[in-house]
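Visitor: The structure under discussion is supplied below as C-alpha coordinates; questions concerning it will follow.
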Amino acid sequence: MLNATEFMPVDTTLAVVLWIEVIVYMGIGIYELVDDFHAKPKNWSHVNGQLNIWIDTQNKVGHKMHAAVCFLLGFVALNGVIEGQISRFELELLFVSLALITGVIWGLLPPGRLAVVTIVSKPEVWLQIVMYSFYASLIRPEIIGLCVVLNAWGVLVYFTHQRQILKPFTYANLREHILAAEGEDVLAKIDKVAGYQHGINPSTSPSALDDSPGNT
(Lines give C-alpha, C1' and ligand atoms only; values in the text may rest on other atoms or scores of the structure.)
Protein backbone atom coordinates (compact mmCIF):
# COMPACT_ATOMS: atom_id res chain seq x y z
CA MET A 1 0.00 0.00 0.00
CA LEU A 2 1.22 3.51 -0.80
CA ASN A 3 1.65 5.89 2.11
CA ALA A 4 0.00 9.31 2.21
CA THR A 5 2.92 11.13 0.55
CA GLU A 6 4.15 8.43 -1.80
CA PHE A 7 3.65 8.54 -5.57
CA MET A 8 3.40 5.62 -7.98
CA PRO A 9 4.77 6.03 -11.51
CA VAL A 10 2.03 5.66 -14.11
CA ASP A 11 2.62 2.29 -15.79
CA THR A 12 1.22 1.23 -19.16
CA THR A 13 -1.99 -0.30 -17.82
CA LEU A 14 -2.78 2.69 -15.66
CA ALA A 15 -1.91 5.06 -18.50
CA VAL A 16 -4.50 3.33 -20.70
CA VAL A 17 -7.11 3.59 -17.94
CA LEU A 18 -6.32 7.25 -17.34
CA TRP A 19 -6.50 8.16 -21.01
CA ILE A 20 -9.85 6.40 -21.36
CA GLU A 21 -11.14 8.37 -18.39
CA VAL A 22 -9.80 11.64 -19.78
CA ILE A 23 -11.35 11.09 -23.19
CA VAL A 24 -14.66 9.60 -22.04
CA TYR A 25 -15.42 11.35 -18.77
CA MET A 26 -13.83 14.73 -19.27
CA GLY A 27 -15.30 14.77 -22.77
CA ILE A 28 -18.79 14.04 -21.42
CA GLY A 29 -18.31 16.47 -18.55
CA ILE A 30 -17.26 19.39 -20.75
CA TYR A 31 -19.99 18.70 -23.31
CA GLU A 32 -22.76 18.47 -20.73
CA LEU A 33 -21.53 21.53 -18.83
CA VAL A 34 -21.74 23.79 -21.90
CA ASP A 35 -24.76 22.35 -23.75
CA ASP A 36 -27.22 24.88 -22.29
CA PHE A 37 -27.95 26.66 -25.56
CA HIS A 38 -28.36 23.69 -27.88
CA ALA A 39 -29.70 20.81 -25.77
CA LYS A 40 -33.32 20.08 -26.63
CA PRO A 41 -35.82 19.61 -23.77
CA LYS A 42 -36.90 16.02 -23.24
CA ASN A 43 -40.28 14.97 -24.63
CA TRP A 44 -41.52 14.09 -21.16
CA SER A 45 -40.80 17.60 -19.85
CA HIS A 46 -43.80 18.89 -21.79
CA VAL A 47 -47.20 19.10 -20.08
CA ASN A 48 -50.37 19.94 -22.01
CA GLY A 49 -48.27 20.64 -25.10
CA GLN A 50 -46.00 23.18 -23.39
CA LEU A 51 -42.57 22.95 -21.82
CA ASN A 52 -42.92 22.62 -18.06
CA ILE A 53 -40.05 24.70 -16.66
CA TRP A 54 -40.09 22.90 -13.30
CA ILE A 55 -39.69 19.45 -14.88
CA ASP A 56 -37.08 20.77 -17.31
CA THR A 57 -35.12 22.38 -14.47
CA GLN A 58 -35.14 19.21 -12.37
CA ASN A 59 -33.83 17.27 -15.36
CA LYS A 60 -31.08 19.84 -15.90
CA VAL A 61 -30.00 19.61 -12.25
CA GLY A 62 -29.39 15.88 -12.64
CA HIS A 63 -27.78 16.46 -16.02
CA LYS A 64 -25.32 19.02 -14.64
CA MET A 65 -24.54 16.90 -11.57
CA HIS A 66 -23.65 14.06 -13.92
CA ALA A 67 -21.45 16.48 -15.85
CA ALA A 68 -19.69 17.56 -12.66
CA VAL A 69 -18.89 13.99 -11.56
CA CYS A 70 -17.62 13.09 -15.04
CA PHE A 71 -15.46 16.22 -15.24
CA LEU A 72 -13.88 15.63 -11.83
CA LEU A 73 -13.09 12.00 -12.70
CA GLY A 74 -11.54 13.10 -15.97
CA PHE A 75 -9.65 15.93 -14.26
CA VAL A 76 -7.98 13.56 -11.77
CA ALA A 77 -7.06 11.23 -14.62
CA LEU A 78 -5.64 14.08 -16.69
CA ASN A 79 -3.47 15.21 -13.80
CA GLY A 80 -2.04 11.70 -13.53
CA VAL A 81 -1.28 11.63 -17.25
CA ILE A 82 0.45 15.03 -17.15
CA GLU A 83 2.47 14.33 -14.01
CA GLY A 84 3.40 10.76 -14.99
CA GLN A 85 2.76 9.69 -11.41
CA ILE A 86 -0.20 9.38 -9.10
CA SER A 87 -0.70 9.60 -5.34
CA ARG A 88 -2.61 7.23 -3.10
CA PHE A 89 -5.40 9.75 -2.63
CA GLU A 90 -5.77 10.22 -6.39
CA LEU A 91 -5.97 6.46 -6.85
CA GLU A 92 -8.55 6.24 -4.09
CA LEU A 93 -10.57 9.05 -5.67
CA LEU A 94 -10.62 7.13 -8.95
CA PHE A 95 -11.81 3.99 -7.14
CA VAL A 96 -14.54 5.84 -5.26
CA SER A 97 -15.72 7.74 -8.36
CA LEU A 98 -16.07 4.53 -10.37
CA ALA A 99 -17.85 2.81 -7.46
CA LEU A 100 -20.32 5.70 -7.19
CA ILE A 101 -21.20 5.40 -10.87
CA THR A 102 -21.40 1.60 -10.96
CA GLY A 103 -23.54 1.59 -7.82
CA VAL A 104 -26.06 3.76 -9.66
CA ILE A 105 -25.90 1.43 -12.67
CA TRP A 106 -26.70 -1.67 -10.58
CA GLY A 107 -29.58 0.09 -8.85
CA LEU A 108 -31.25 1.27 -12.06
CA LEU A 109 -30.82 -1.75 -14.33
CA PRO A 110 -33.76 -2.14 -16.74
CA PRO A 111 -35.43 -5.50 -17.43
CA GLY A 112 -34.53 -7.96 -20.18
CA ARG A 113 -31.58 -7.91 -22.54
CA LEU A 114 -31.39 -4.17 -22.05
CA ALA A 115 -29.82 -4.83 -18.63
CA VAL A 116 -27.03 -6.91 -20.17
CA VAL A 117 -26.41 -4.29 -22.84
CA THR A 118 -26.30 -1.61 -20.15
CA ILE A 119 -23.67 -3.47 -18.12
CA VAL A 120 -21.49 -4.40 -21.09
CA SER A 121 -21.59 -0.91 -22.62
CA LYS A 122 -20.65 1.02 -19.47
CA PRO A 123 -16.88 1.74 -19.42
CA GLU A 124 -16.87 2.30 -15.65
CA VAL A 125 -17.77 -1.36 -15.10
CA TRP A 126 -14.71 -2.54 -17.03
CA LEU A 127 -12.44 0.17 -15.64
CA GLN A 128 -13.41 -0.79 -12.11
CA ILE A 129 -12.51 -4.43 -12.82
CA VAL A 130 -9.10 -3.35 -14.13
CA MET A 131 -8.46 -1.08 -11.15
CA TYR A 132 -9.34 -3.84 -8.68
CA SER A 133 -7.22 -6.37 -10.56
CA PHE A 134 -4.04 -4.28 -10.63
CA TYR A 135 -4.15 -1.49 -8.06
CA ALA A 136 -6.36 -2.47 -5.12
CA SER A 137 -3.29 -3.35 -3.04
CA LEU A 138 -2.04 0.25 -3.30
CA ILE A 139 -4.95 1.92 -1.50
CA ARG A 140 -6.33 1.71 2.02
CA PRO A 141 -8.58 -1.25 2.92
CA GLU A 142 -11.17 1.21 4.24
CA ILE A 143 -11.53 2.67 0.76
CA ILE A 144 -11.92 -0.80 -0.75
CA GLY A 145 -14.64 -1.43 1.82
CA LEU A 146 -16.37 1.83 0.92
CA CYS A 147 -16.33 0.90 -2.78
CA VAL A 148 -17.76 -2.53 -2.02
CA VAL A 149 -20.55 -0.93 0.03
CA LEU A 150 -21.38 1.52 -2.77
CA ASN A 151 -21.65 -1.33 -5.29
CA ALA A 152 -23.57 -3.53 -2.86
CA TRP A 153 -26.03 -0.72 -2.16
CA GLY A 154 -26.82 -0.52 -5.87
CA VAL A 155 -27.46 -4.27 -6.02
CA LEU A 156 -29.69 -4.04 -2.94
CA VAL A 157 -31.69 -1.19 -4.50
CA TYR A 158 -32.13 -3.20 -7.69
CA PHE A 159 -33.62 -6.25 -5.98
CA THR A 160 -35.63 -4.51 -3.26
CA HIS A 161 -36.79 -1.36 -5.06
CA GLN A 162 -36.15 -1.17 -8.80
CA ARG A 163 -37.80 -4.52 -9.50
CA GLN A 164 -40.75 -3.56 -7.31
CA ILE A 165 -41.70 -0.26 -8.93
CA LEU A 166 -42.24 -1.87 -12.36
CA LYS A 167 -44.74 -4.71 -12.19
CA PRO A 168 -44.36 -6.99 -14.04
CA PHE A 169 -40.62 -6.39 -14.37
CA THR A 170 -40.48 -6.93 -18.14
CA TYR A 171 -39.24 -4.96 -21.10
CA ALA A 172 -42.68 -5.25 -22.70
CA ASN A 173 -44.06 -3.34 -19.72
CA LEU A 174 -41.18 -0.85 -19.63
CA ARG A 175 -41.60 0.03 -23.30
CA GLU A 176 -45.12 1.29 -22.60
CA HIS A 177 -43.60 3.81 -20.20
CA ILE A 178 -40.91 4.74 -22.73
CA LEU A 179 -43.58 5.28 -25.38
CA ALA A 180 -45.61 7.54 -23.10
CA ALA A 181 -42.54 9.56 -22.06
CA GLU A 182 -40.44 9.72 -25.23
CA GLY A 183 -42.61 8.78 -28.21
CA GLU A 184 -42.27 6.35 -31.10
CA ASP A 185 -38.91 7.55 -32.45
CA VAL A 186 -36.99 7.04 -29.21
CA LEU A 187 -38.86 3.81 -28.49
CA ALA A 188 -37.82 2.38 -31.87
CA LYS A 189 -34.14 3.00 -31.07
CA ILE A 190 -34.39 1.42 -27.63
CA ASP A 191 -36.30 -1.56 -29.09
CA LYS A 192 -33.32 -2.29 -31.32
CA VAL A 193 -30.91 -2.21 -28.41
CA ALA A 194 -33.22 -4.37 -26.31
CA GLY A 195 -33.74 -6.89 -29.13
CA TYR A 196 -37.49 -6.41 -28.99
CA GLN A 197 -39.48 -7.84 -31.88
CA HIS A 198 -43.21 -7.40 -32.38
CA GLY A 199 -45.22 -10.58 -32.58
CA ILE A 200 -42.78 -12.75 -30.62
CA ASN A 201 -44.50 -14.93 -28.05
CA PRO A 202 -42.99 -13.85 -24.69
CA SER A 203 -43.18 -17.39 -23.35
CA THR A 204 -40.87 -18.65 -26.09
CA SER A 205 -38.17 -16.01 -25.72
CA PRO A 206 -36.95 -15.84 -22.11
CA SER A 207 -34.27 -13.31 -21.30
CA ALA A 208 -31.96 -12.74 -18.36
CA LEU A 209 -33.11 -10.31 -15.66
CA ASP A 210 -36.63 -10.26 -17.15
CA ASP A 211 -39.64 -12.00 -15.60
CA SER A 212 -41.66 -12.46 -18.79
CA PRO A 213 -40.00 -10.67 -21.68
CA GLY A 214 -41.14 -9.47 -25.00
CA ASN A 215 -37.59 -9.66 -26.31
CA THR A 216 -35.23 -12.05 -27.99
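Visitor: Of the residues Val61, Val47, Val96, which single one is within 27 Å of Ser137 (Cβ to Cβ) and not assigned by TED's automatic domain parsing to the domain that holds Ile178?
Guide: Matching residue, one of Val61, Val47, Val96: Val96.
Visitor: Could you please give the count of residues in segment 32-59 that are touching a residue at least 24 places away in the same chain (Cβ under 8 Å), assigned to a helix (DSSP H, G or I) and not hydrophobic (A, V, I, L, M, F, W, C)?
Guide: Residues in segment 32-59 being touching a residue at least 24 places away in the same chain (Cβ under 8 Å), assigned to a helix (DSSP H, G or I) and not hydrophobic (A, V, I, L, M, F, W, C): 2 in total.
Visitor: Please name all residue pairs, on different chains or six or more residues apart, with Cβ atoms under 8 Å, provided the first residue is in segment 1-19 and is within 18 Å of Trp126 (Cα to Cα) and the second residue is assigned to a loop (DSSP other than H, G, I, E, B) and among the aliphatic types (A, V, I, L, M).
Guide: Leu18/Val10
Visitor: I need the full set of residues from segment 94-112 which are over 11 Å from the mean Cα position of the chain (by Cα) and surrounded by fewer than 18 Cβ atoms within 10 Å (Cβ to Cβ), in order please.
Guide: Across segment 94-112, the qualifying residue is only Val96.
Visitor: Of all residues in segment 113-145, which are surrounded by 15 or more Cβ atoms within 10 Å (Cβ to Cβ) and more than 15 Å from the chain's Cα centre (by Cα)?
Guide: Arg113, Val130, Met131, Tyr132, Tyr135, Ala136, Leu138, Ile139, Arg140, Ile143, Ile144
Results for (1) touching a helix residue (DSSP H, G or I) at 6+ places or on another chain (Cβ under 7 Å); (2) under 17 Å from Ala181 (Cβ atoms); (3) modelled with pLDDT under 95; (4) exposed (fewer than 13 other Cβ atoms within 10 Å of the Cβ), shown as yes or no for each residue.
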position	(1), (2), (3), (4)
Phe37	no, no, yes, yes
Lys42	yes, yes, yes, no
His46	no, yes, yes, no
Gly49	no, yes, yes, yes
Gly62	no, yes, yes, yes
His66	yes, no, yes, no
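Visitor: Let me ask another. Taking the stated definitions as given, is Leu91 touching a residue at least 12 places away in the same chain (Cβ under 8 Å) and more than 14 Å from the chain's Cα centre (by Cα)?
Guide: Answer is yes for this residue.
The values are calculated or read from the model by the stated rules, or taken from the named source; none is laboratory data. Treat the numbers as computed from the prediction; the structure is a model and nothing was measured. In this analysis, Cβ positions are derived from the backbone assuming ideal geometry, glycine residues included, and neighbour counts consider all displayed protein chains.
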